[in-house]
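The values are calculated or read from the model by the stated rules, or taken from the named source; none is laboratory data. From a predicted model like this one, the values you see are computed outputs, not experimental measurements. So basically every Cβ, Gly included, is an ideal-geometry build from the backbone, and we count neighbours across all protein chains shown. For accessibility, only protein heavy atoms count, side chains too; no ligands or nucleic acids. Shrake-Rupley method; radii C 1.70, N 1.55, O 1.52, S 1.80 Å.
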Amino acid sequence: MNYKAIFGIALAAGLLAGCASEESEQAALQAQAKISKDQAQQTALAKVPNGTVKEGELEKEKGKVVWSFDVTTPASKDITEVNVDAITGDVVSVEKETAENEAKEATGKKDKN
């Protein structure tokens, strides 16, 4: 077996292990969440008039399990990130992000733990 084949197999195994790890992390977060994604999304949209959810995910941020939503509005290219506590349903934070900063974050997800 040549080195390219061995490297390819090792790379594929690593990617599969990473996916399984992310799935188990998501399952653990889902088990802790008391607020559904739909409930949290309605709470987030109440904070951004005329907003539309671009993306939403369950994550751990600053030690809390939160539903994080990126909300767009027709009048702006900026994104409003709204985090809703997945246990209490309270809004944890509302932050404006420029489209440029959002693109940078998407390519190099910052560590929020």
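In this rough spin-label picture, where each label sits 7 Å from Cα along the Cβ direction, the residue 39-residue 22 distance is 2.7 nm. Counting only protein heavy atoms and a 1.4 Å probe, the stretch 31-103 has 56 square angstrom of accessible area per residue. Would you kindly derive the ³J(HN,Hα) couplings of the stretch 40-53 from the backbone phi angles with the Karplus curve 6.51 cos²θ - 1.76 cosθ + 1.60 (θ = phi - 60°), listing them in order in whole Hz, with x for Gly and Pro? Those phi angles translate into 5, 5, 4, 5, 5, 5, 5, 8, 10, x, 6, x, 10, 6 Hz.
Over its Cα atoms, what ratio of radius of gyration to 2.2 N^0.38 Å does the stretch 34-86 give?
Computed over Cα atoms of the stretch 34-86, the ratio equals 1.08.
Too long at a 18 Å Cα-Cα cut-off: which of 34/54; 64/96; 37/77; 47/96; 34/96; 37/104? Violating the 18 Å Cα-Cα cut-off are 34/54; 64/96; 37/77; 34/96; 37/104. Each label point was placed 7 Å from the Cα along the Cα-to-Cβ direction; for residue 91 and residue 55 their separation is 2.2 nm.
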